[in-house]
Amino acid sequence: MPFELFLPAQFFAFFLVFSRVGAALSMMPGLGEGLVSMRVRLAFAMLVSLVSLPMVQDTLPAMPAAAPQLALLVIGEVVVGLFIGTLSRIAMTILEMAGFIISMQIGLASAQAFNPSLGAQGSLPGALLSTIGVLLILTTNLHHIFILGVVDSYTLFTPGAPMPVQDFSMVVTRAVADGFRVALQIGAPLLDVRRIVYDVSKQPIEYIRVLYRPDRYRYEMELVRVRKGDGMRWVTGANPEEADDFEAVATLSSGEAAPHSRDRGKT
């Protein structure tokens, strides 16, 4: 190939690889944060694109003759890169959501701090979890796996081929749904149930402490306002006239199909 034709072809191949790699790396945890300089992002993306070019050059199409075809090809590569980067960014959003749930449980919902992952104010536990998440990604070299995944994506999403838009939407939707479930499991507190069972003579005969998953169990207790001695107090029990300080009626259920079990004892 003459040099005057070789140079434009190589520039086209580099620019096409840079379109996908740059879009993906711009959202990678650790590099896509708002505190990272744009020059650093571009320089790193260009370096990765230059190194990856010989490995993916066989999958690249020939340079289109018309500008509209070239524009569609570049837009498709950017969309694929943003799709890959969005999946990695969802993982950081899970940590922020889990931190927000924790802050609601411990009374720190109104306390805000700058979250580097979001580039805005967020909850204190969310900022802590996001920072720890980025630190673990960089210290365990998970960012290498992300870069290798971007390079391997050329075997799955060939440049110039029709994009599976429906598959993209299904994957993102499932990732977001699973992310909410994982965030709830991380941030929701365990149900710590402690119960002392007494005999008829008010002697303790059994002590039980059980930890239940909050997403699978429901704990209910009946509270009744009754007069006890010289004042009013809250007691638990189905019959207020028979309830005293040592009696409790609770309902613990697992799932929708599981039957309720009623336990009596001291709480």
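Please treat every number below as a calculation from the coordinates, not as lab data. These figures come from a predicted structure and were not determined experimentally. Ideal geometry is used to build each Cβ from the backbone, glycine not excepted, and the neighbour counts take in all protein chains shown.
Projecting the Cα atoms of ALA65, SER52, ALA23 onto the dipole axis of segment 1-89, where Lys and Arg carry +1 and Asp and Glu carry -1 at the beta carbon, places ALA23 farthest toward the positive end. Once Rg and the Kirkwood radius are both taken over the C-alpha atoms of segment 3-187, their ratio Rg/Rh works out to 1.05. The magnitude of the dipole of segment 173-222, with charges of +1 and -1 set on the Cβ of Lys/Arg and Asp/Glu and taken from the Cα centre, is near 160 debye.
Measuring r between the beta carbons of SER169 and GLU222 and using R0 = 45 Å, the FRET efficiency lands at 0.45.
Segment 170-195 and segment 39-86 have their alpha-carbon centroids 36 Å apart.
The calculated FRET efficiency for the pair VAL79 and GLN185, based on their C-beta separation and a Förster distance of 30 Å, comes to about 0.40.
Inter-label distance, LEU156 to LEU211: 3.5 nm, where each label sits 7 Å from its Cα along the C-beta direction.
Computed from backbone phi, the HN-Hα couplings of segment 85-99 come to x, 5, 4, 6, 5, 4, 4, 6, 5, 4, 5, 5, 5, 4, x Hz, rounded to whole numbers (Karplus: 6.51 cos²θ - 1.76 cosθ + 1.60, θ = phi - 60°; Gly and Pro given as x).
Computed about its Cα centre, the charge dipole of segment 3-187 is approximately 300 debye, with only Lys, Arg, Asp and Glu carrying charge at their Cβ. In order along segment 60-70, phi translates into HN-Hα couplings of 7, x, 6, 5, x, 7, 9, 5, x, 5, 5 Hz, rounded to whole numbers, per the Karplus curve 6.51 cos²θ - 1.76 cosθ + 1.60 with θ = phi - 60° and x for Gly and Pro. Note on segment 75-233: dipole from Cβ charges, positive end direction compared against PHE168, MET232, VAL150; the farthest Cα belongs to MET232.
Taking each residue as 0.36 nm, the span from ASN141 to LEU50 lengthens on full extension beyond its C-alpha to C-alpha distance by 30.7 nm.
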